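The values are calculated or read from the model by the stated rules, or taken from the named source; none is laboratory data. Since the structure is predicted, the reported quantities are computational estimates derived from the model, not experimental observations. Neighbour counts are summed over all protein chains in view; Cβ atoms, including those assigned to glycine, are modelled from backbone coordinates with ideal geometry.
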């Protein structure tokens, strides 16, 4: 079973992540950052992952360290749960709309970290959440999940909708990439023989 539990403790944050890549979309969050919890729930539900995240961080300063370290720890859990990547489709993509907003996410379980995030949010904050932290979350994730990730917000006049389409599309693209290819169950999808 493709599951992992990872804890990461620093002087700034204490993070615990439990991840099941073959789940049912169940999410339990306790991070102190409500908007991020809403977005993580989108990843779980649309990616069909079971995801539990507990975080304590220096929120009296701001949410930066907590959000980034959740991305890092989730990336570490993802790498551990995925294993040798035999039989996975490797590539995934999704377009997701929400009213006026539209985002596209493309992922490659490449074994190489790379992030291209293109989103011009219509405002700098969604409630108390700084939209700059969306990039920090995904950068932390790709650095430790070792994936190539392209995120493009193509339309949107509401920052909440823009962010939500990004996270939903990420979950959907991830789900596609993680699916087993019935024609290549014991094959690593690379000419190198490894990812």
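Looking only at region 83-127, residues that are part of a strand (DSSP E or B) and touching a helix residue (DSSP H, G or I) at 6+ places or on another chain (Cβ under 7 Å) come to 20 in all. Any chance region 122-137 includes a residue that's closer than 28 Å to residue 20 by Cβ, touching a strand residue (DSSP E or B) at 6+ places or on another chain (Cβ under 8 Å) and surrounded by fewer than 21 Cβ atoms within 10 Å (Cβ to Cβ)? Yes, because at least one residue in region 122-137 is closer than 28 Å to residue 20 by Cβ, touching a strand residue (DSSP E or B) at 6+ places or on another chain (Cβ under 8 Å) and surrounded by fewer than 21 Cβ atoms within 10 Å (Cβ to Cβ). Looking at the structure I just gave you, is residue 135 under 17 Å from the mean Cα position of the chain (by Cα) and in contact (Cβ under 8 Å) with a residue 40 or more places away in the chain? Here the answer is no, as residue 135 does not meet what is asked. Every condition in (1) in a helix (DSSP H, G or I); (2) under 16 Å from the mean Cα position of the chain (by Cα) holds for residue 19 except the one numbered (1).
Restricting to region 26-65, count the residues that are part of a helix (DSSP H, G or I) and either without any contact (Cβ under 8 Å) to a residue 40 or more places away in the chain or under 14 Å from residue 134 (Cβ atoms) (or both). I'd like the intermediate steps shown before the answer.
Of all residues in region 26-65, those part of a helix (DSSP H, G or I) come to 34-47, 64-65.
With the extra rule that they be either without any contact (Cβ under 8 Å) to a residue 40 or more places away in the chain or under 14 Å from residue 134 (Cβ atoms) (or both), the set shrinks to 35-43, 64.
Final tally of qualifying residues: 10.
Output yes when any residue across region 66-82 is part of a loop (DSSP other than H, G, I, E, B) and surrounded by fewer than 21 Cβ atoms within 10 Å (Cβ to Cβ), and no when none is. Taking every residue of region 66-82 in turn, none turns out to be part of a loop (DSSP other than H, G, I, E, B) and surrounded by fewer than 21 Cβ atoms within 10 Å (Cβ to Cβ).
Run down 6, 106, 33, 88 and say which single residue is buried (at least 16 other Cβ atoms within 10 Å of the Cβ), in contact with a strand residue (DSSP E or B) (Cβ under 9 Å, 6 or more places away or on another chain) and more than 30 Å from residue 181 (Cα to Cα).
33
Scanning region 143-195 for residues that are part of a loop (DSSP other than H, G, I, E, B), in contact with a strand residue (DSSP E or B) (Cβ under 8 Å, 6 or more places away or on another chain) and under 20 Å from residue 2 (Cβ atoms) yields 147, 179, 181, 189.
Answer with yes or no whether residue 1 is over 14 Å from residue 76 (Cα atoms) and either assigned to a strand (DSSP E or B) or touching a residue at least 24 places away in the same chain (Cβ under 8 Å) (or both). So residue 1 fails the test.
Do the conditions hold for residue 41, that is, is it at pLDDT below 95 and closer than 23 Å to residue 150 by Cα? No; evaluated as a whole, the condition is false for this residue.
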